[in-house]
Amino acid sequence: MEVQTPFSAGTVMFLVRNHVLKWKNHNRFTPNTTPWGHGRFCKRLISGKKCFSKNIKTSVACSYSTEKDDTLPSIKQLTDARVIYAVAPALGHNKESHPESSARVPAIVTALEKMELTSKFRGSDILELQNFKLASVDDIASVHEKAYVSGLEKAMDRASEQGLIVIEGSGPTYATPTTFNESLVAAGAGLALVDSVVAASKNQVDPPMGFALIRPPGHHAIPKGPMGFCVFGNVAVAARHAQRIHGLKRVFIIDFDVHHGNGTNDAFFDDPDIFFLSTHQDGSYPGTGKIDEIGHGAGEGTTLNLPLPGGSGDTAMRTVFDEVIVPCAQRFEPDIILVSAGYDGHVLDPLASLQFTTGTYYMLASNIKQLAKYLCGGRCVFFLEGGYNLDSLSNSVADSFRAFLGEPSLASKFDDPAILYEEPSTRVKQAMQRVKHIHSL
């Protein structure tokens, strides 16, 4: 199997420009003539207290102060960085033998350290946000019903008595006594990264990429409750935060998790200012995300779902990026791009049957970075969603970091072309033709 390289910056710009004529006469959007611009676990979450894991030597603070504080990144630190990340491993939110376990984020952090992709080895190029505040109930309630939020908080008493409870059956989605607070930490990490990337973008034309290495994941959590391993919609909450706090009206969300992000889909189904684009495996959990689900009312046309047939891999995703993601993003003219980065489409992942590779995720990270640079001043934050083979998850996230840094991929060290089989190209083409027809691409 020939190893392909991702699109260059020039290629992405060509793809953006090449579609302009097609979009000018579209009845929903008017393109701008110049579209692009420049122990880690806390048992008690107390402001200013740092939390440690026995397995990871670094620390992460459980609060992020909005007051002037020497421990917060300065503007110089933000502008010097090329990658900013935050870690919220939720070590207390764990169920033995469950795929969405507390081992996931530590495995990624260990891989980043082993591969010398931390500030210890890279200096100012890579910055970890070690101080950030929890998301507030109001932050969460910008997406979720207050009754759900308050009900989950009250359920922590029952979880304390029983040790572990099931809060939603389809995943199943479980909760431990720490789930509510650790979910606020995860959402808060995403908000802090949005704040940091936006602040950096005001001082430079090429701001750092953000990556929230967080759990529990979020894209299945619907407005009225948890679902599919997910507690709060981290990306959805961040989208509302970007609008409310930073005045970034138009938010473009890309979800390349193998499962449909039904929670994000539902949260913005009638919202014309948030474009949700999901690629996922056809027929996979939770069974939503059909091609004809395009939004409702004022939001009609700002939801795009592309279910890919099982066996789809690198070739399919490269074509999707070229022919679907680029034209949609260009036509929408976003102010910021947020990414639900699920790594469970990897060929080694146990929960699905796509054939993505480490190289696929490098390509996506590299191309999305370039897309953000040309369309919205480089403002872009990734949010960890799925990925349950710890090796493929860790290697793929590490290669995403390399893409953010503009460094060559090391995918050839991890990917084995011998295990791949022929992609269902005819079925992929049919799905793409249908979605392009529906969305006038």
**OP:** Please work out if PRO207 is within 17 Å of the chain's Cα centre (by Cα), under 29 Å from LEU405 (Cβ atoms), part of a loop (DSSP other than H, G, I, E, B) and of a type outside the set (Asp, Glu).
**Re:** no
Original post:
So is ALA221 open to solvent by less than 20 Å² (accessible area, probe 1.4 Å), hydrophobic (A, V, I, L, M, F, W, C), more than 28 Å from SER284 (Cα to Cα) and touching a Ser or Thr at 6+ places or on another chain (Cβ under 9 Å) or not?
Top reply: no
Original post:
Looking at region 349-374, which of its residues are in contact with an Asp or Glu (Cβ under 7 Å, 6 or more places away or on another chain) and not basic (Lys, Arg)?
Top reply: LEU351, ALA352, GLN355, PHE356, THR357, THR358, GLY359, THR360, TYR361, TYR362
Subject >> Residues that are of a type in the set (Gly, Ala, Ser) and either closer than 26 Å to HIS259 by Cβ or modelled with pLDDT of 95 or more (or both), drawn from region 67-118 >> reply: ALA81, ALA86, ALA88, ALA90, GLY92, SER97, SER101, SER102, ALA103, ALA107, ALA111
Original post:
Out of region 348-398, which residues are out of contact with any Ser or Thr (no Cβ under 6 Å at 6 or more places or on another chain), open to solvent by 20 Å² or more (accessible area, probe 1.4 Å) and not in a helix (DSSP H, G or I)?
Top reply: PRO350, LEU351, SER353, TYR388, ASN389
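The values are calculated or read from the model by the stated rules, or taken from the named source; none is laboratory data. Quantities reported herein were computed from a predicted structural model and do not represent experimental measurements. Cβ coordinates were reconstructed from backbone atoms using ideal geometry, including for glycine residues, and neighbour counts include every protein chain displayed. These area figures cover heavy atoms from the full protein model, side chains too; ligands, DNA and RNA do not enter into them. Shrake-Rupley method; radii C 1.70, N 1.55, O 1.52, S 1.80 Å.
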